């Protein structure tokens, strides 16, 4: 028995561990919310039904309130709308904390991304938008936390009818009743009996929905080859650029009458769309283990996207839905004819406090082991599920050798990273060490200097960005990152440059294709996103005797890449904001290829990182 306890130390404290990992009563995690009797109002309806409008009107009329949305764009919209209406409203997102009061005192209202909402501050009214996201395998926990934990006399919930049953059941466990207010769509919408067939059949107000960026580029070029102008919106564009593209498309005096977009238009943007055209019905989804797989869109997704056609306040009140291919139209009708399944469970995630209590009983266990033991012992009510933890465990294993306190280790592990990119993982490791030990001088990512081994800039920036993705929920390094004003100024300038690049996206595509053709003609295989400068050369790896090949002139002259790597920073130079300021010379020239545009988007991410960290 003694040997067994040495191998399995949890045997000595199994009862305590089971109590800590008991997830059957999440409402008990929020004693402040349980101390008041909240009024729960569910505004249920499809897209363009006015459900959120009515909730926001009550929010604006309250003495104090908080709006919790899924996107920065939505948080910014409510922030602006509130202050325009004379309601003192602060903005709280991962990158920004804006107090309307010049002395920094909190306003009566707050508009935030849902992960940033406070469950300790009392409000008269709270609005939780897009409640159906409570089933999301990655972010669902944030909606569960807001629903159970917000300290507000009235909680106004907006979203799909599919969430009514689950919300009612969850509120039953808190002793709170749910008042349901149903809304019908304000304008009619119909599914057409014929597909688009050809881009020659496009007309003003059309929106082609693609589910990957390559299709966005391809369709955009084909449209402009027909003499039509199109706006472009996809997920990785900065919020300011998305809004600018939406305004361009909505402007009746603008020549741009066609929109090409991903499902990023499903929420957060007001668009004057007459007809939604699905370029495909297959999109990448996340499975239970955190991996991506291709699957047909769900009824809920089809309704969310298709519902963007027709808008009460636009020139296109009646909406239409169709597909690009006739073969997809039958499937689309089948998808839309199905009832939306009720949401069965709400997401949960082990809290830092719970893991700390586990660590007290198992001081020698690694964080990854603590999570495994926690999940294996946890008891979850049928109304809940544990959100994906595979990425969390992967990072926990990767940084186990770094001496961190458990809370800091937990926060770093919440950073979502692509486990399939060793470069990203290595850079994440180095960045963690750098920001926790600022006295250290770290090499640039990779085994060789930039001059001899060139890496895609967007990988480098993604690495830095993921380190800070969830820092807004806990840690801030104000002393290390004091230049927020400068960073925001640079972001505004960068937004304008990216917008210019997106406006001219077909020119960028042609430049990229020309560069690709040149590489093929020279018989050289180069990294597609490899940045370099006019004095650099790229060496093929893995083939003995490979010749060095000059980089295409399109990268040499004025591109962001050459700006960033003009001096080929030394291997011992630390990765800091000062490095960014030193090597990015503003103003940066407009992008000359899709590659440059991606790099600009990545630099925008690096500035987001800076604001997250502070």
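The values are calculated or read from the model by the stated rules, or taken from the named source; none is laboratory data. Not measured: the values here are computed from a predicted model. All Cβ positions, even for glycine, are placed from backbone atoms using ideal geometry, and neighbour counts span all protein chains on display.
Inspect all residues belonging to the stretch 93-104 and state whether any of them is in contact with a strand residue (DSSP E or B) (Cβ under 8 Å, 6 or more places away or on another chain), closer than 29 Å to residue 23 by Cα, part of a loop (DSSP other than H, G, I, E, B) and in the same structural domain as residue 43 (by TED's automatic domain parsing).
Yes, the stretch 93-104 has at least one match.
Look at the stretch 241-265 and say how many of its residues are touching a strand residue (DSSP E or B) at 6+ places or on another chain (Cβ under 6 Å) and at pLDDT below 85.
Adding up the residues that qualify gives 0.
Taking the stretch 81-92 only, how many residues are outside any strand (DSSP E or B) and under 27 Å from residue 42 (Cβ atoms)?
In the first step, residues of the stretch 81-92 are kept if they are outside any strand (DSSP E or B); the result is 81-88.
Then drop every residue that is not under 27 Å from residue 42 (Cβ atoms), which leaves 81-82, 85, 87.
Total satisfying the criteria: 4.
Do you know which residues across the stretch 307-316 are buried (at least 16 other Cβ atoms within 10 Å of the Cβ) and assigned to a loop (DSSP other than H, G, I, E, B)?
To start, the set of residues in the stretch 307-316 that are buried (at least 16 other Cβ atoms within 10 Å of the Cβ) comprises 307-311, 314, 316.
If the condition is that a residue be buried (at least 16 other Cβ atoms within 10 Å of the Cβ) and assigned to a loop (DSSP other than H, G, I, E, B), then 307, 308, 310, 311, 314, 316 are the ones that fit.
Please name all residue pairs, on different chains or six or more residues apart, with Cβ atoms under 8 Å, provided the first residue is in the stretch 363-374 and is within 14 Å of residue 407 (Cα to Cα) and the second residue is not in a helix (DSSP H, G or I).
Hits for this filter: 366/400; 367/400; 368/400; 370/362; 371/350; 371/389.
If we scan the stretch 65-80, do we find a residue that is under 15 Å from residue 239 (Cβ atoms), at pLDDT below 95 and part of a loop (DSSP other than H, G, I, E, B)?
Yes, there is a match, as at least one residue in the stretch 65-80 is under 15 Å from residue 239 (Cβ atoms), at pLDDT below 95 and part of a loop (DSSP other than H, G, I, E, B).
Count, please, the residues in the stretch 342-391 that happen to be more than 11 Å from residue 23 (Cβ to Cβ) and part of a helix (DSSP H, G or I).
Residues that pass the stated criteria total 19.
So residue 238 passes all but one of these: (1) in contact with a strand residue (DSSP E or B) (Cβ under 7 Å, 6 or more places away or on another chain); (2) more than 22 Å from residue 140 (Cβ to Cβ); (3) surrounded by 19 or more Cβ atoms within 10 Å (Cβ to Cβ). Which condition number does it fail?
Answer for residue 238: the failing condition is (1).
Has the stretch 286-300 got at least one residue that is within 30 Å of residue 492 (Cα to Cα) and at pLDDT below 90?
Within the stretch 286-300, the subset within 30 Å of residue 492 (Cα to Cα) is none.
No, the stretch 286-300 contains no residue that is within 30 Å of residue 492 (Cα to Cα) and at pLDDT below 90.
Just wondering, is there one or more residues in the stretch 156-179 that are in contact with a strand residue (DSSP E or B) (Cβ under 8 Å, 6 or more places away or on another chain) and loosely packed, with under 15 Cβ neighbours inside 10 Å?
yes
Quick check, is residue 283 within 23 Å of the chain's Cα centre (by Cα) and assigned to a strand (DSSP E or B)? First the steps, then the outcome.
Values: within 23 Å of the chain's Cα centre (by Cα): yes; assigned to a strand (DSSP E or B): yes.
Spelling it out, residue 283 is indeed within 23 Å of the chain's Cα centre (by Cα) and assigned to a strand (DSSP E or B).
On the given criteria, is residue 223 crowded, with 17+ Cβ neighbours inside 10 Å, free of Cβ contacts under 8 Å to residues at least 40 places away in the same chain and in a helix (DSSP H, G or I)? First the steps, then the outcome.
Working: crowded, with 17+ Cβ neighbours inside 10 Å: yes; free of Cβ contacts under 8 Å to residues at least 40 places away in the same chain: yes; in a helix (DSSP H, G or I): yes.
For residue 223, the condition - crowded, with 17+ Cβ neighbours inside 10 Å, free of Cβ contacts under 8 Å to residues at least 40 places away in the same chain and in a helix (DSSP H, G or I) - is met.
Please identify the pairs in which a residue from the stretch 228-240 that is farther than 11 Å from residue 259 by Cα and in the same structural domain as residue 217 (by TED's automatic domain parsing) has its Cβ atom under 8 Å from the Cβ atom of a residue that is assigned to a loop (DSSP other than H, G, I, E, B) and at pLDDT below 90, counting only partners at least 6 apart or on another chain.
239/71
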